[in-house]
Amino acid sequence: MQDRKVVIEELKSQIDKDKLPSHVAIIMDGNGRWAQKKHLPRTAGHKEGMERVKEIVEVASNLGIKYLSLYAFSTENWKRPEEEVNGLMKLLVQYLRMELNNLNKNNVKIKTLGNIDGLPKLPREEVIRAVELTKNNNKMVLNIALNYGGRNEIVTGVKNILKDVKMGKMEIEDLTEENFQEYLYTISQPDPDLLIRPSGELRISNFMLYQIAYTEFWFSNIYWPDFREENFYQAIIDYQKRDRRYGGI
């Protein structure tokens with residue numbers, strides 16, 4: 001078996017730094033199935049998944065990715081058992097407390113996608129603190145999708161547009177695809193160039209529905225807890241081989 005470090009360096013050498021995706025989005029899937037396969041509780045899968053978050057955020061930042069969006073907790077995830085939901089919230093707090101100073105030192109700006117008002121008090125406060133501390137950083141934007149749903153994002157945007165029309169701040173005829181984006185959580189950010197989904201599922205699960213109209217997809221059978229640096233590089237390499245025509249010839 002080839003040495004992992006050799007494989008990583010080989011893959012890195014294939015990446016064209018001038019053709020990097022500006023924005024990479026990841027649906028972090030497969031934690032529960034990873035744990036089940038190893039006869040462990042689902043929380044063990046989520047804990048190992050958190051280790052991959054730390055690794056991939058660092059790898060993306062070092063590579064030069066400007067925007068990284070991670071689907072951490074969806075509006076549908078509240079349907080999961082209370083014990084699992086509470087465990088996920090504890091891991092969120094743990095991640096921020098462990099990694100915030102390092103992220104700030106490395107000039108990473110944390111932003112959130114979703115309605116964080118719906119989070120429990122402690123994780124909500126930790127998220128707000130992280131966003132505030134890193135707000136002036138400019139090396140990479142780390143979007144953490146929490147209590148997020150793509151359909152909900154669009155409906156919320158429409159409601160806010162209607163409020164602005166009612167208050168006379170805009171005319172409905174002035175609404176365009178460009179200024180509609182100002183009502184989304186990703187305001188002032190480019191749409192994802194690349195969406196990565198591990199775990200073998202071939203769907204987008206209500207993630208960034210408006211933004212991914214021309215996003216390139218990369219699917220893998222690897223569960224998220226096993227998704228490593230070399231897998232991220234392979235996704236970038238595959239992305240760089242594609243011809244993005246945006247409906248043209």
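Which residue is surrounded by the most Cβ atoms within 10 Å (Cβ to Cβ), if the candidates are limited to region 90-122 and must be farther than 22 Å from E58 by Cβ and in contact with a Leu (Cβ under 7 Å, 6 or more places away or on another chain)? Step through it out loud before you land on a result.
Filtering region 90-122 down to residues farther than 22 Å from E58 by Cβ leaves 90, 114-122.
Now drop any that are not in contact with a Leu (Cβ under 7 Å, 6 or more places away or on another chain), which leaves 114, 116, 119.
Values: G114: 24, I116: 17, L119: 20.
Restricting to residues being farther than 22 Å from E58 by Cβ and in contact with a Leu (Cβ under 7 Å, 6 or more places away or on another chain), the top hit is G114.
List pairs: first in region 172-186 and more than 13 Å from K159 (Cα to Cα), second of a type in the set (D, E, K, R) and not in a loop (DSSP other than H, G, I, E, B), Cβ under 6 Å, 6+ apart or cross-chain?
Pairs that qualify, where the first residue is more than 13 Å from K159 (Cα to Cα) and the partner is of a type in the set (D, E, K, R) and not in a loop (DSSP other than H, G, I, E, B), are Y185/E153.
Restricting region 1-30 to residues that are exposed (fewer than 11 other Cβ atoms within 10 Å of the Cβ) and not charged (D, E, K, R), which is modelled with the lowest pLDDT?
So, considering only residues that are exposed (fewer than 11 other Cβ atoms within 10 Å of the Cβ) and not charged (D, E, K, R), the one modelled with the lowest pLDDT is M1.
Every residue, every condition in (1) closer than 30 Å to L40 by Cβ; (2) surrounded by fewer than 17 Cβ atoms within 10 Å (Cβ to Cβ); (3) touching a residue at least 24 places away in the same chain (Cβ under 8 Å); (4) more than 16 Å from the chain's Cα centre (by Cα), yes or no:
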site: Q189; (1), (2), (3), (4): no, no, yes, no
site: I204; (1), (2), (3), (4): yes, no, yes, no
site: Y210; (1), (2), (3), (4): no, no, yes, no
site: Y214; (1), (2), (3), (4): no, yes, yes, yes
site: P225; (1), (2), (3), (4): yes, no, yes, no
site: F232; (1), (2), (3), (4): yes, no, yes, no
site: I237; (1), (2), (3), (4): no, yes, yes, yes
site: Q240; (1), (2), (3), (4): no, yes, yes, yes
site: G248; (1), (2), (3), (4): no, yes, no, yes
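List every residue pair whose Cβ atoms sit under 6 Å apart, with the two residues 6 or more apart in sequence or on different chains, where the first one lies in region 58-70 and is more than 22 Å from T112 (Cβ to Cβ) and the second, anywhere, is among the hydrophobic types (A, V, I, L, M, F, W, C).
Within 6 Å, the pairs are G64/L20.
Pairs under 7 Å by beta carbon, first residue under 21 Å from Q189 (Cβ atoms) in region 96-111, partner acidic (D, E) and in a strand (DSSP E or B), six or more apart or different chains?
Every condition considered, no pair remains.
Would you pick out the residues in region 10-30 that are hydroxyl-bearing (S, T, Y) and without any contact (Cβ under 8 Å) to a residue 12 or more places away in the chain?
Quick first cut of region 10-30, residues hydroxyl-bearing (S, T, Y) only: 13, 22.
Residue satisfying the conditions is S13 alone.
The values are calculated or read from the model by the stated rules, or taken from the named source; none is laboratory data. All values derive from a computational prediction rather than experimental measurement. All Cβ positions, glycine included, derive from the backbone under ideal geometry; neighbour counts span all protein chains shown.
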